[in-house]
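J.: Could you have a look at this structure, given as C-alpha cells, before my questions?
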Amino acid sequence: MTPTPAADPSRFVERFGSALTAAGMQRLPARVFAALLADDDGRMTAAEIGEVLAVSPASVSGAVRSLQQMRMIHREREQGTRRDVYVVADDAWHDMMMNSANIYAPLTQSLSEGVDQVGGRGTTAGDRLALSVAFLEFVTEEMHQLSERWDKRRAELGY
C-alpha cells in the first residue's frame, strides 16, 4: 500500500511515544515501540532505530531490552549477517496483554504465601492480601477468555 501524501511517521512516533510515556512507560522504550509500529515492515536494527529517533544505538539497547521483557517486540538475526533486528508483531498489543498472566503468576504466588505471613485470613492485612490474590486470579482467567474472544474477532476482521 502506498502511503498517503500527508503521511508523517515521525509525527506519529513523537505523539504516540508521548501518549505511552503519559501512560507510564519510560520515554525511550515508548518512542522505540512507536517507531517500530510506524515502520512499514516493523523491523529495524538498533542503528536504524537510533537514526530515526536521533539517539545513540547504545541507548537503544536498554529500550529494546525493556520492550522484549514486556513481549512488545522480539529480536531476530538479520539473515546473512550478525546484526540483530528488532521486530514488532502485527498483534503486539495482544502479545503484551496476554503476557500479563506470566507477570501475575509470581505476584499471585507471593501474595498467597504472604497471607499467613502477615497474620492470616481474619486480619486486616491477611484479608487485603487474600483479596489481592482473588483479584489477580480473576484477571488471569478473564485474560484467557478475552484472548479467545479476540482470536474470533480478529478472524471476523480478516486479520
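The values are calculated or read from the model by the stated rules, or taken from the named source; none is laboratory data. Since we're looking at a predicted model, the values are computed, not measured. FYI the Cβ positions are ideal-geometry reconstructions off the backbone, even for glycines, and counts take in every protein chain you see. Accessible surface areas use protein heavy atoms only, side chains included; no ligands, DNA or RNA. Shrake-Rupley method; radii C 1.70, N 1.55, O 1.52, S 1.80 Å.
J.: Please work out if Gly122 is open to solvent by 50 Å² or more (accessible area, probe 1.4 Å) and without any contact (Cβ under 8 Å) to a residue 12 or more places away in the chain.
T.: On the way: open to solvent by 50 Å² or more (accessible area, probe 1.4 Å): yes; without any contact (Cβ under 8 Å) to a residue 12 or more places away in the chain: yes.
Yes; evaluated as a whole, the condition is true for this residue.
J.: Then there is this: Does Ser132 satisfy the condition of being assigned to a helix (DSSP H, G or I) and surrounded by 14 or more Cβ atoms within 10 Å (Cβ to Cβ)?
T.: yes
J.: Continuing with this model, one more query. Given the conditions (1) without any contact (Cβ under 8 Å) to a residue 60 or more places away in the chain; (2) open to solvent by less than 90 Å² (accessible area, probe 1.4 Å), report the number of the one that Glu148 does not fulfil.
T.: Just one mismatch for Glu148, condition (2).
J.: Considering segment 28-46 alone, what residues qualify as being in a helix (DSSP H, G or I) and open to solvent by less than 60 Å² (accessible area, probe 1.4 Å)?
T.: Leu28, Pro29, Ala30, Arg31, Val32, Phe33, Ala34, Ala35, Leu36, Ala38, Ala46
J.: Next question. Identify all residues within segment 85-120 that are under 27 Å from Leu157 (Cβ atoms) and in a strand (DSSP E or B); write none if there are none.
T.: Those that are under 27 Å from Leu157 (Cβ atoms) and in a strand (DSSP E or B): Tyr86, Val87, Val88.
J.: When you go through (1) part of a helix (DSSP H, G or I); (2) closer than 28 Å to Met25 by Cβ; (3) open to solvent by less than 70 Å² (accessible area, probe 1.4 Å); (4) modelled with pLDDT of 95 or more one by one for Thr140, which number turns out not to apply?
T.: Tallying (1) part of a helix (DSSP H, G or I); (2) closer than 28 Å to Met25 by Cβ; (3) open to solvent by less than 70 Å² (accessible area, probe 1.4 Å); (4) modelled with pLDDT of 95 or more, Thr140 fails exactly one: (4).
J.: Can you tell me which residue within segment 58-84, out of those that are outside any loop (DSSP other than H, G, I, E, B) and over 23 Å from Arg27 (Cβ atoms), is most open to solvent (accessible area, probe 1.4 Å)?
T.: Arg77
J.: How many of the residues making up segment 107-119 are more than 27 Å from His94 (Cα to Cα) and open to solvent by less than 90 Å² (accessible area, probe 1.4 Å)?
T.: Final tally of qualifying residues: 5.
J.: Among the numbered criteria (1) open to solvent by 70 Å² or more (accessible area, probe 1.4 Å); (2) over 30 Å from Thr45 (Cβ atoms), which single criterion is violated by Asp90?
T.: Just one mismatch for Asp90, condition (2).
J.: Also, I was wondering about something else. Would you say Arg11 is at pLDDT 95 or above, open to solvent by 70 Å² or more (accessible area, probe 1.4 Å), over 17 Å from Trp93 (Cα atoms) and assigned to a helix (DSSP H, G or I)?
T.: Here the answer is no, as Arg11 does not meet what is asked.
J.: So, of the residues in segment 77-93 that are of a type in the set (A, V, I, L, M, F, W, C) and touching a helix residue (DSSP H, G or I) at 6+ places or on another chain (Cβ under 6 Å), which turns out to be modelled with the lowest pLDDT?
T.: Ala89
J.: Out of Gly17, Gly42, Gly24, report the one residue that is in contact with a Lys or Arg (Cβ under 8 Å, 6 or more places away or on another chain) and under 29 Å from Arg154 (Cα atoms).
T.: Being in contact with a Lys or Arg (Cβ under 8 Å, 6 or more places away or on another chain) and under 29 Å from Arg154 (Cα atoms) holds for just one of Gly17, Gly42, Gly24, which is Gly17.
J.: Just name the residue that is nearest to Ala35 (Cα to Cα) out of those in segment 94-106 that are at pLDDT 85 or above and surrounded by 12 or more Cβ atoms within 10 Å (Cβ to Cβ).
T.: Here the answer is His94.
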